[in-house]
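These notes are about the structure you will find just below.
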Amino acid sequence: MTSSSSNLLQIVQDHGAPLYVYEASVMKRQYERMTAAFKEVKRLRINYACKALTNLHVLRLFKEWGSGLDTVSIQEVELGLMAGFAPEDIIYTPNCVSFAEIEMAISKGVRINVDNISILEQFGAAYPEKPVCIRINPHIMAGGNSKISVGHIDSKFGISIHQIPHVLKVVDALNLKVEGLHMHTGSDILDAEVFLQAVEILLRTAQDFPHLDYVDLGSGFKVAYKAGGVSTDIEDLGERLGQRFNEFCAEYGRDLALIFEPGKFLVSEAGHFLAEVNVVKTTPATVFAGLDSGQNHLIRPMFYDAYHHIENLSNPGGKPRIYTVVGYICETDTFGINRQLSEVREGDVLAFKNAGAYCMMMASNYNSRFRPAEVLIENGEARLIRRRETLEDLLRTQLETETVVA
Ligand SMILES: *Cc1c(COP(=O)(O)O)cnc(C)c1O
């Protein structure tokens, strides 16, 4: 069950706008869909990709449900440990970070996923006993948008499949213990066939590594952002891939763990972003609904041309009219062009759907605005899990502000 409009309006009344609201039940539903889809796999692990939504309260939920964690920075590693994840349930998959940062992660005891041969050599020389995972780039295009396709030939992610002979020499020379092979082909798998092709490439490569404990297939699972939009048929994928993986384990001679790292799939639909309409502005060409928010709070529409469905919660029965929904930032921060909304009045609350993944996490303080607060709905109860910022928060890292603030 997703939260009703009146519920959301009440939450805005209690906590103010702009506001992110997350539903634990929707995250749990998605987590359980995923585990059910791959139920044929003996050793399934789901590692929530926490960069999508990193609030500790959300991390603790996933911990409670039995998830592991996918992290991409030492800070995410530390937050994961703070949320109670065991180090061995955290995989650290950095890209272009310093070796010093990788050493910090090693000191925390988490699993290390290496995506660069020069790092693999340094790792092997410094930590000959520590098992390691290797991130492979199978060069499969996932979707057509180059901003979110990470498997193609020009991508900075992973070690090219064509460099495996070189990797094997390094592994052999340093006697590395390769415990896992990993791929993550991007955030936009439009086609299960493409994903399965990439899996075949990874499994073929896995035969060159006789001591594996797991194969990590990353993510890229889609959820629909609009009615009729593409979403990954996880049940279908689970059936086909589960069977294929079990066959592979039989060929390989051992039950490997199968790991996925969904971010968007688990949390996108659980989120609502709620903002108030400051002004309705009619120009010769259009009617703008101007919000008490902007690209500083939700940048996906401007950054990726992402579509987020918008509803007017305050006037559900209003006459449908056409609006261009924009923010208050001194940039062209357009949330949606020519959207049909029930008649918008100043003071109305608009809701953005699919605002759980990569929304709050990409928020900034541009124009010296405060970032939104966050609320978690769990067991029917709405709880503030991040307070709204204040001017003090903006100043906290600036030095000698006393002399500046008169
Ligand atoms: C971002 C990321 C994910 C999650 O991607 P989604 O599209 O949100 O599911 C998984 N693995 C790695 C390594 C990532 O960087």
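The values are calculated or read from the model by the stated rules, or taken from the named source; none is laboratory data. Note that the structure is predicted; figures quoted are calculated from it, not measured. Quick reminder, even Gly has a Cβ in these numbers, built from the backbone with ideal geometry, and neighbours come from all protein chains shown.
Values for this structure:
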{"quantity": "Residue check for Phe273: crowded, with 22+ Cβ neighbours inside 10 Å, more than 16 Å from the ligand (Cβ to nearest atom) and not in a helix (DSSP H, G or I)", "calculated": "yes"}
{"quantity": "Lone unmet requirement of (1) away from the ligand (no atom under 16 Å from the Cβ); (2) buried (at least 22 other Cβ atoms within 10 Å of the Cβ); (3) not hydroxyl-bearing (Ser, Thr, Tyr) for Asn315", "calculated": "(2)"}
{"quantity": "Lys28 vs. criteria basic (Lys, Arg) and surrounded by 17 or more Cβ atoms within 10 Å (Cβ to Cβ)", "calculated": "yes"}
{"quantity": "Residue in the range 185-198 that is within 16 Å of the ligand (Cβ to nearest atom), within 16 Å of Asp115 (Cα to Cα), among the small types (Gly, Ala, Ser) and not assigned by TED's automatic domain parsing to the domain that holds Gln340 present", "calculated": "yes"}
{"quantity": "Cβ pairs under 8 Å, 6+ apart, first in the range 351-365 and within 16 Å of the ligand (Cβ to nearest atom), second modelled with pLDDT under 95", "calculated": "Asn354/Val223; Asn354/Tyr225"}
{"quantity": "Test set (1) away from the ligand (no atom under 12 Å from the Cβ); (2) among the β-branched types (Val, Ile, Thr); (3) touching a helix residue (DSSP H, G or I) at 6+ places or on another chain (Cβ under 7 Å); (4) farther than 24 Å from Ala257 by Cα - Ile161 fails condition number", "calculated": "(4)"}
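Per-residue answers, yes or no, for (1) at pLDDT below 95; (2) touching a Ser or Thr at 6+ places or on another chain (Cβ under 7 Å); (3) not in a strand (DSSP E or B):
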position: Val279; (1), (2), (3): no, no, no
position: Asn296; (1), (2), (3): no, yes, yes
position: Phe303; (1), (2), (3): no, no, yes
position: Thr324; (1), (2), (3): no, yes, no
position: Val344; (1), (2), (3): no, no, yes
